[in-house]
Amino acid sequence: MSTEPSHSEPDTAAPAEAGPDPEAVPDLEADAPENPEVPAKPLLPKRRVGWVFAVAAVFWAIDLVTKNLVVANLEGKEPVKVLGGLIYLQVIRNPGAAFSMATGMTWVLALVALAVVIAIIWLSRRLRSIGWAIGLGLVLAGATGNLTDRIFRAPGGLQGHVVDFISAFAPNGKGFAIFNIADSAICVGGALIVLLSLLGKDYDGTSTKDKKKIEKTQEEQA
């Protein structure tokens, strides 16, 4: 009989394959979209607040400078013919609204202009369309330009008379009307906003057509 100690053979059997770790398996159902056939909403562009105030500042400054120049050089003088009579430059103190409308309601018009300025500033936080930002910037410049006259020009106290100096086609507003840069900015900005609305371009940078497509697809999948 052998007296050598017996050695047990090592267990060379391969360990049983471990099952998949449930925590390591990605939750495909959670990651999958609820309805993959519904198109995702388009990514919104950046906010355009800076465009509004940049445009407004530039055209407000142009309006203020041109008014001061014509008051200093043309007030009390005969109309100056420009571009062969297409435009006449002369100073008219206007207590009314744009194009000499609503004369005698100066303080009411000043409050309306102030309300427009506040509304545009509030809306500008949600703007993502450059076109809308330019349009609202022009309207803001025009409203602020004429409001500046209402506050600081005689007789003052929200009753100041606006300086108009551009008379189209004939002097004294006989051909069309007498207006200023602020009035022009309001008209151009308003027309741009109307055009964008007709084209289905919203102020938040999205398109009305895209929204309708998404809503229609969601209704069909419901």
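Accessible area ranking (1.4 Å probe, heavy atoms, ligands and nucleic acids excluded), largest first, for 203, 88: 203, 88.
With a ≥ b ≥ c taken as the square roots of the eigenvalues of the C-alpha gyration tensor of region 85-191, please select rounded if a/c is under 1.5 and otherwise prolate if a/b is larger than b/c or oblate if it is not? Walk me through the intermediate numbers first.
Details: a/c = 2.74, a/b = 1.36, b/c = 2.01.
Oblate, because a/c is 1.5 or more while a/b does not exceed b/c.
The accessible-area ordering, largest first, of the residues 153, 125 stands as 125, 153, per a 1.4 angstrom probe. Within a straight-line Cα-Cα reach of under 28 Å, residue 209 can be paired with the following lysines, leaving aside sequence neighbours fewer than 8 residues apart in one chain: 41, 46, 201. For region 138-193, taking Cα atoms only, Rg and Dmax work out to 12.3, 34 Å respectively.
The values are calculated or read from the model by the stated rules, or taken from the named source; none is laboratory data. Just so you know, these numbers come straight off a predicted model, no measurement behind them. The area values use the complete protein model at the heavy-atom level, side chains included, leaving out ligands, DNA and RNA. Shrake-Rupley method; radii C 1.70, N 1.55, O 1.52, S 1.80 Å.
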